[in-house]
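Colleague: The following block contains the structure, expressed as structure tokens.
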Amino acid sequence: MNILGMFSKQKYTAALVGLGRIGFSLGLDEKREQPASHTMAFLNNKRIELVSGIDTDIQKADEWKRFMEEKKQSPKIFYSSSEFYEKFDGRIPDIITVAVNESSHMEECLLAIKAKPKLVILEKPVALNTDEAEKIRAAAEESGVPVMVNHERRFAADYNAAKSFIERIGSIQSVRAELCSGLRVYAQKFEEDGSYSLLHDGTHLVDIVSFLLDEKLSNPTVTGIFKDEEGIVRNFTAQFKTEKIPEIEIYMSGRSKFFSFGVDILGTTGRIQIGNGYADFYEAEESKLYTGFKSLAKQNVKLPKKTGYFSNMIQNAVDFLDGKAELKSPLKNAMEDLRTLEEIKRFLQ
């Protein structure tokens, strides 16, 4: 009998460091596709037992504890990670998720790695900069602890459908990825806590382009830099090219009165347009408008009602621990994303 098969239904234990928005409260947003937080995703997976929650904010921790009790769950609550690692009874949980602010990513991830769980799930971005990320990588390698970074779109059904559809659109001619919000794009004074969009949101934009194209983005040319009266960057456009793709454009706005995220991939025989709330796939077919020409026709690509972006991430962790799958968003790829962002940042300083 296959040994993995004997134990494939075993439960894995998990601890959650950080009980804020992505750790907990986004899971209460009725407009979002659920599960939308680590807490809800863990509770949604029958193979996971959430045994501990940790947060230095007593109010957030107590709110989480009350919620868990309402769900007939009884995890232990700790008000600091040091207390958790010192006082946790029994063996360390199989999974430790680090869902704290960017400024604490390195510190908390290093503590988690030191405890030697079977897997660390780290919220994006890896860290404030590549120097901090390198310390995480070195510690993970030395301890033999795998780290998965939650670039959630890698797990979403719509983006995976887009990745599969790429082979149907011929040679890629151009790619434009766009993110618009009201959050400042960059200013050096915000590097200490990471509260700028290039890092906080740009990591998603760069990562999904790399994922869809199977290409590394490097050596950008950055134009269209707009700074406000305080010298804070509000807009930029970064252009990349690879051996296979002549034009890849990353555009970010930090002065929009709305939030949008999307990628447009133009091929020689088709097109993919995908983003928050939409996924459209086109192929060249005999034109209904012009004799002797082809036009792009929207294809009926069946997608599930839910993208499963968060639940699929947790399932990937379970499958990895079962020995059935590789991590879909490993530390290595997330570090490449961070290097790309730092290359862009040099133009903005």
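Colleague: List pairs: first residue in region 316-332 and under 11 Å from ILE121 (Cβ atoms), second residue of a type in the set (Gly, Ala, Ser) and surrounded by fewer than 19 Cβ atoms within 10 Å (Cβ to Cβ) anywhere in the structure, Cβ distance under 8 angstrom, at least six positions apart or on different chains.
Modeller: Listed by first residue and then by second, the contacts come to ASN316/ALA325.
Colleague: If you don't mind, there's one more thing I want to ask. For GLN273, indicate whether it is open to solvent by 10 Å² or more (accessible area, probe 1.4 Å), within 23 Å of ASP337 (Cβ to Cβ) and in contact with a Gly (Cβ under 9 Å, 6 or more places away or on another chain).
Modeller: Numbers: open to solvent by 10 Å² or more (accessible area, probe 1.4 Å): yes; within 23 Å of ASP337 (Cβ to Cβ): yes; in contact with a Gly (Cβ under 9 Å, 6 or more places away or on another chain): yes.
Spelling it out, GLN273 is indeed open to solvent by 10 Å² or more (accessible area, probe 1.4 Å), within 23 Å of ASP337 (Cβ to Cβ) and in contact with a Gly (Cβ under 9 Å, 6 or more places away or on another chain).
Colleague: Check region 190-203 and report whether any residue there is touching a helix residue (DSSP H, G or I) at 6+ places or on another chain (Cβ under 8 Å), in a loop (DSSP other than H, G, I, E, B) and either open to solvent by less than 10 Å² (accessible area, probe 1.4 Å) or among the aliphatic types (A, V, I, L, M) (or both).
Modeller: yes
Colleague: Let me ask you something else. Output the qualifying pairs, or none if there are none: Cβ atoms under 9 angstrom, residues six or more apart or on different chains, first residue in region 155-183 and farther than 20 Å from LEU217 by Cα and assigned to a helix (DSSP H, G or I), second residue of a type in the set (Phe, Trp, Tyr) and open to solvent by less than 10 Å² (accessible area, probe 1.4 Å).
Modeller: PHE155/PHE310; ALA161/PHE281; PHE165/PHE281; ARG168/PHE281
Colleague: Which condition number does GLY308 fail, the rest of (1) more than 24 Å from the chain's Cα centre (by Cα); (2) on the phi > 0 side of the Ramachandran plot; (3) surrounded by 16 or more Cβ atoms within 10 Å (Cβ to Cβ) being met?
Modeller: (1)
Colleague: State all residues of region 271-330 that are among the small types (Gly, Ala, Ser) and under 23 Å from LEU179 (Cβ atoms); if no residue qualifies, say none.
Modeller: GLY275, GLY277, ALA279, GLY308, SER329 - these are the residues of region 271-330 that are among the small types (Gly, Ala, Ser) and under 23 Å from LEU179 (Cβ atoms).
Colleague: Among (1) open to solvent by 60 Å² or more (accessible area, probe 1.4 Å); (2) part of a loop (DSSP other than H, G, I, E, B); (3) at negative phi, which single condition is LEU296 missing?
Modeller: Of the numbered conditions (1) open to solvent by 60 Å² or more (accessible area, probe 1.4 Å); (2) part of a loop (DSSP other than H, G, I, E, B); (3) at negative phi, the odd one out for LEU296 is (2).
The values are calculated or read from the model by the stated rules, or taken from the named source; none is laboratory data. Small disclaimer: the values here were computed from a predicted structure and weren't measured. Reconstructed Cβ throughout: ideal geometry from the backbone, glycine too, with neighbour counts over all protein chains shown. Side chains are part of the model used for accessible areas, which takes the heavy atoms of the whole protein and leaves out ligands, DNA and RNA. Shrake-Rupley method; radii C 1.70, N 1.55, O 1.52, S 1.80 Å.
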